[in-house]
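Read-outs throughout are calculated quantities, based only on the coordinates presented, and are distinct from any laboratory measurement. Quick caveat: nothing in here was measured; it's all calculated off a predicted structure. So basically every Cβ, Gly included, is an ideal-geometry build from the backbone, and we count neighbours across all protein chains shown.
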Amino acid sequence: MDRRHEILVAANQSFTLFGYKATTMEQVAQMANVGKGTIYTFFNNKDVLFEEIVLAMICEMRNETEQTINPELSFLENAHRILMNLLQFREMHKLYSKLIEEGHALRTPQVEKMLIKIENEVLTYIASKIQIAIDKKEIKQCNPQHIAYLVFKSYLAFVVEWPKRHDEELDENAIVELFNNTLFGGLTP
């Protein structure tokens, strides 16, 4: 196997198991079965290694989300599929979950920086899909960045936060109906 790839696999595993703060270059070297100096031939420091792992995760998230898009469905139906997929990825991907946990519990600056980077990538992705829908006249003219933020944060609130604060979980159909009757309804021409 390629040494660089072995290091990335080991680093991903270490960050997923222990988080950013508790991961050391020594651990990664041991898990990759390489000398610590070998890591530094590919990555200047832990932050650079961490960023590469997170960028790969963002790419994976984007690729998985792209696969949920059905060109035969309306923008609103695809928007729901995209948003649900992004939120499911957030909850199911072990590294992403660990970063969220560490960001909330320890407020590690490097983790918080990467969580912001991930969110910015997600918002940029959603905004690009909104712009495509505007260009196709599927939705009204609007600011794609503002709508991306509003929609993503609203979905996040109902899918992730609502069940933590209420005795009931909203099923996917209830969420679709809620958004179609409110936010999405205001976007359709």
| note | Under the helix-only model (-39500 (n - 2.57) for each DSSP H run of 4 or more, divided by the residues of the chain), the mean residue ellipticity at 222 nm, to 500 deg cm²/dmol, is -24500 deg cm²/dmol
| field | Segment residue 63-residue 97, length gained on full extension (0.36 nm per residue, minus Cα span) | value | 10.4 nm
| So if we plug the beta-carbon distance of residue 26 and residue 124 into 1/(1 + (r/R0)^6) with R0 = 30 Å, what FRET efficiency do we get, rounded to 0.05? | 0.25
| note | Once both label points are put 7 Å beyond Cα along the C-beta direction, the residue 140-residue 161 separation in nm becomes 2.5 nm
| query | In whole angstrom, and with the biggest value first, how far do the Cα coordinates of segment 93-134 range along each principal axis? | reply | 41, 19, 11
| message | Starting from a Cα-only point model with no solvent, please compute log10 I(q)/I(0) by Debye for segment 77-189 at q = 0.10, 0.14, 0.21 1/Å. | response | -0.33, -0.63, -1.22
| message | Roughly how far apart, in whole Å, are the Cα centres of segment 24-81 and segment 153-189? | response | 28 Å
| Cα-based Lys pair tally, the chain, threshold under 22 Å, eight or more apart or on separate chains | 27
| message | Could you check the spin-label model distance between residue 51 and residue 153? Points 7 Å from the Cα along Cα→Cβ, value in nm. | response | 2.7 nm
| Using bins 5 angstrom wide from zero, how does P(r) for the chain break down, in % of all Cα pairs? | 1, 7, 14, 17, 16, 13, 10, 8, 6, 4, 2, 0, 0
| said: Using the Cα centre of segment 44-147 as the reference point, and only Cβ charges (+1 on K/R, -1 on D/E), how large is the resulting charge dipole? Debye, rounded to the nearest 20. | reply: 220 debye
